[in-house]
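Read the structure below first, then the notes.
The values are calculated or read from the model by the stated rules, or taken from the named source; none is laboratory data. The shown structure was predicted, so the numbers you read here are calculated from the model rather than taken from an experiment. Using ideal geometry, Cβ is built from the backbone for each residue, glycine included, and neighbour counts are taken over all protein chains shown. SASA here: full protein model, heavy atoms, side chains in, ligands and nucleic acids out. Shrake-Rupley method; radii C 1.70, N 1.55, O 1.52, S 1.80 Å.
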Amino acid sequence: MSSNTDFEPKIIAFVCNWCTYAGADLTGTSRLKYATNVKIVRFPCTGRIDFLLLLKSFAQGADGVIVSGCHPNDCHYTSGNFHARRRWIAFRSILDLMGVDIRRIQYSWVSAAEGSKWADLVNNTVADIRALGPYAEYQKVADYLEKEGYNEEA
Amino acid sequence: METKYIGKDGIEKWFNAIVASGKRVFAPVNARGQVDFKPVKKLSEVAGDYIQTTQSIKASVYPKAEVLFSYEKVNGKVNLTDFDPESVPETVLWKVHPCDAAGFKPLSAIFNWDTADKLHNAHLIKTSVISFSCAAADESCFCTSVNGSPGNTSGSDIQLTMLPDGGAIAEILSPKGEALVALLPSVFEADKGEKKEKYLVDLPARFNLEEVNAKLNKAFDSTVWKEQSERCLGCGACAFVCPTCACFDIQEDAHGSKGRRIRCWDACGFAMFTLHTSGHNPREHQSQRWRQRILHKFSYMPERLSVVGCTGCGRCSRACPVDMNILEHITSIAKQ
Amino acid sequence: MSEQNTYLPYLMTIEKVIKEAPGVKTYRLKFQDEAEAEAFEFKAGQFGEYSAFGEGESTFCIASSPTRKGYIECTFRDSGRVTSGLASLEEGSTMGFRGPYGNVFPMEEWKGKNLLFIAGGIALPPMRCVIWNALDLRENFKDITIVYGAKTVNDLVYKSELKEWSDRPDVKMVTTVDPGGENADWKGEIGFVPTIVEKVAPSAENTIAIVCGPPIMIKFTFPVLEKLGFKDDQIYTTLENRMKCGVGKCGRCNVGKLYICKDGPVFSKEELNLIPAEEY
Amino acid sequence: MKKLRDRAAELLSQGVVSLVIGYEEGTKRPRPLFCRNSESTEKLIFDSRCFHNLAVYITKKELVGKEHFAVTAPISTLRSIMQLYVENQLSEEKLLVITVDLSGELREFTTFDEIAAYVAQFELKRGEREQEILTKIEGMSREERWKFWMEEMSHCFKCYACRSACPLCYCSKCVVEVNRPQWINPWPAPLANMEWHINRAMHMVGRCTACGACGDACPVGIPIDLITRKMMEDLAPEFGYVPGQPAKQGNALSSWKLDDREQFIR
């Protein structure tokens, strides 16, 4: 993996409304600087984040994904994040088997008070993805139609 | 139509000449425990000992998913980009069974019976078919019951009948076939007078098509559909491996202001196939869908398009997870 | 060789949007290409595939009369992915249209006859095409009776045209709503369509009945017509099965050996008797 | 075999059940059989070649109707029946389950607890084929796994035989048939095919009983059953269920534990 200095990772963050979104807001109001590679999509709860959205992000050009919500026991809906955690465990296991690069999905708990954690999370994720390079492997198959053999395509 | 002889070495040289001409060559390849058509470059890649490929060759003239046209929205206007027939590469199909080649006729009948289908025809024009007559068959084969035979040349541009010496009788059947011969005419020798029939598998007919047709004409309300389809799971395996099934869906692949309209395979066995927006479904039960499949092939197509919608390749029977054996079912209808 | 791509739609500009009823809209469409507009011809009863680019295609009849040149109209209910995509378009925007497809009402054969139109709910559009066609060639036909019903007053479509028709001295117009669907201002009939037909229908003698509506309405209207003395060759309807291609290939709209998209959508009851009723 | 046929005939002729779902000889191997009268029970067979998962039929109302019915069930079918029961898809009142045990004796179950007790004796193990392919996959790098599955997925033509053959895919409307939004492209393409199979596996978390019906049904030979099997093997200990045993503690994805693993969460 060559160090891709020109490469600006595209990262989609799926965050819950009550903790991480508020946390990210705090990062801004605290005037903390962090990488601008992230597009935030706000959800009511991590429990609402469908796993297919993560795959769709990659298919549509994201190089990395952040999923973040309330810390355990802090969920606005009591247990949404616990359900989400289970789903992530299963999802990671399946993706890993299929050879999807699970290093490109970063899960986190960021509370409304953790403005600096959000900045760190984004910065670290951007750095990680920058090191991994563009997720071309995934994106190149996104528009495939009829191909008699996957390997036929160079 | 001209008959020639081609020797063992000649076959390989000719094959290499076809590949060298830049044409895309599809042939049966044994990989992943299955024999199926794949792009090949060398004759050694071509599978030898097998009865039938899992899938038919239909995808070469009717792709699983194909762009009908694409569009782009610009300032409230829409620009269309039509399908370009020139985008279809010249293709040679090598070692096609006669039952697969024979499938081109019913396929084209469906695609062209009233309105010409530009896409299908573009593929058809660019495709040359080199079939190999059949020296072996299994219990699912029944081409001789549906107007075909192990040496049927319908749909083929050239048919080879393999001889014990490794050479073959080459029947050159069309201008496209002649063009293929012209790639390396030197390997084609004068016909040695061998009788092709001698080398074909003996496959007695299992039912009489006219008889079946007559029975089916009165069978719409028969209980046979329910009886036969009880174990049917309603998947599309039979339709997708079939050389003549042509039912399709039209779908939209939209990405912001750009997009493309896609035609893709569909199957009459799916419960959602005929579902109306209102929730009403004219083919609500699996038995109705099974009936549609059989009647469409053996009654409606012969009547409307003058061609039977089955070539006896037996793939549907082999592919079916619950052994819906079409030969057995048709035979039982014929006996009723 | 310039073979036409059947699936390539004409580009149409939405010239006018009329809100007919909750969720129901009529679009007046104009060809963007002059030559295409010039060459385009259709007859009453035919349908097309209308596309919202980005969503897909949907099948509706052409709701305007072939006697009105220069445009076509379609009326649809927002009820799925494509129709809601269409419904979100505004005047001036572009949509697609393929057609015309299917057979036609044999209006030539109906010359000199009385016409009885019976329609229910959102099934008035295919009928509207025939009604205007007949009214524009009024001298060709004798008495024209229209019976139109909907669930509620709100659900009636083409409200201004309903008024126009009922104001005409040469049309007998009867509108009805299902019991409970009326409002304080309602002056029409109250009752289900078959009941009203029985009450107001003209003599079957020299009359053609054209019935369009939900299956349940058709099911109950046919026996009424029979009772009134209509023969099967005097009754016409139009069927709508699910379609994708519109040109007899995709395999959805088979009813027995027939394709609704090619052999229909117009059928006389005489023809209907020959195809399996369970498949439409 | 005779005992099974006699018993099935008896059940039907006495009107205890109106349908017996079992196996008969097929073209190459046994296939499902539906006996609605005592004569047809003559065709019934039950041996080690009978591995179609008949549980797929017992949630089809159109097929089993409102009457009592019986099903002859090998162990894989029993496991699925248990899971369907746990998911409230079956009632004990309507269904009589028959199996032939290792000693060749006929066993009948009228309650699901009996089935659970019987099933508990059998450990779910990888077969030769599963072992071979999974070992191969487990030995691959991530990039190799991606290539392997992408190549496999390029063969999928979305006939959905996997879905149809699975007893636990009983939804009346599948996610791929929803088009607002259209989550998964309906046409076959390697990525859309993979999305479908990932989706299928996610819907099987904690539910798959590793019967292998999906893989067996796949006409193009994609080892899709191994996706759900591996997922199940990996997650079972973590989520506290035993592979092949009914998940009595509830659906894995609709329950959770306070101490579920979270090392991967920053």
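Key figures for this structure:
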| item | result |
| --- | --- |
| Selection within the stretch C:171-201 - at pLDDT 90 or above, open to solvent by less than 50 Å² (accessible area, probe 1.4 Å) and within 23 Å of residue C:45 (Cα to Cα) | C:171, C:173, C:174, C:175, C:193, C:194, C:197 |
| In the stretch B:228-274, residue nearest to residue D:34 (Cα to Cα) [restricted to those that are in contact with an Asp or Glu (Cβ under 9 Å, 6 or more places away or on another chain), at the interface with chain C (Cβ under 9 Å from one of its Cβ atoms) and among the aliphatic types (A, V, I, L, M)] | B:250 |
| Residues satisfying the stated conditions in the stretch C:227-255, i.e. on the phi > 0 side of the Ramachandran plot and more than 7 Å from chain B (Cβ to nearest Cβ) | C:229, C:246 |
| Residue in the stretch D:39-48 that is facing chain B (nearest Cβ under 9 Å) and touching a residue at least 40 places away in the same chain (Cβ under 8 Å) present | no |
| Condition check for residue D:11: open to solvent by less than 20 Å² (accessible area, probe 1.4 Å), in the same structural domain as residue D:109 (by TED's automatic domain parsing), outside any loop (DSSP other than H, G, I, E, B) and more than 23 Å from residue B:228 (Cβ to Cβ) | yes |
| Filter result for residue B:78 (away from chain D (no Cβ under 14 Å), crowded, with 16+ Cβ neighbours inside 10 Å and within 23 Å of residue B:124 (Cβ to Cβ)) | no |
| Qualifying strands (runs of 3 or more DSSP E) (wholly inside the stretch B:1-44; at least 3 residues being touching a helix residue (DSSP H, G or I) at 6+ places or on another chain (Cβ under 9 Å) and touching a residue at least 60 places away in the same chain (Cβ under 8 Å)) | B:2-6, B:24-31 |
| Strands (runs of 3 or more DSSP E) within the stretch C:25-89 that include 3 or more residues under 14 Å from the mean Cα position of the chain (by Cα) and away from every other protein chain (no Cβ under 14 Å) | C:72-77 |
| The stretch D:213-257, subset within 14 Å of chain B (Cβ to nearest Cβ) and in contact with a Gly (Cβ under 9 Å, 6 or more places away or on another chain), residue most open to solvent (accessible area, probe 1.4 Å) | D:221 |
| Checking residue A:84 against (1) in contact with a Pro (Cβ under 9 Å, 6 or more places away or on another chain); (2) assigned to a helix (DSSP H, G or I), the condition it does not meet | (1) |
| Number of the condition not met by residue D:101 [criteria: (1) acidic (Asp, Glu); (2) under 13 Å from residue D:78 (Cα atoms); (3) open to solvent by 40 Å² or more (accessible area, probe 1.4 Å)] | (3) |
| Within the stretch B:211-316, helices (runs of 4 or more DSSP H) holding 2 or more residues that are open to solvent by 30 Å² or more (accessible area, probe 1.4 Å) | B:224-229, B:301-305 |
| Where residue B:112 falls short, out of the listed (1) without any contact (Cβ under 8 Å) to a residue 60 or more places away in the chain; (2) buried (at least 21 other Cβ atoms within 10 Å of the Cβ) | (2) |
| The stretch A:87-121, subset of a type in the set (Val, Ile, Thr) and assigned to a helix (DSSP H, G or I), residue farthest from the other protein chains (Cβ to nearest Cβ) | A:102 |
| Leading residue by the ranking (nearest to the other protein chains (Cβ to nearest Cβ)) among those in the stretch A:59-81 that are surrounded by fewer than 23 Cβ atoms within 10 Å (Cβ to Cβ) and in a helix (DSSP H, G or I) | A:59 |
| Candidate set from the stretch D:107-130 (those that are of a type in the set (A, V, I, L, M, F, W, C) and open to solvent by 50 Å² or more (accessible area, probe 1.4 Å)); member that is farthest from the chain's Cα centre (by Cα) | D:117 |
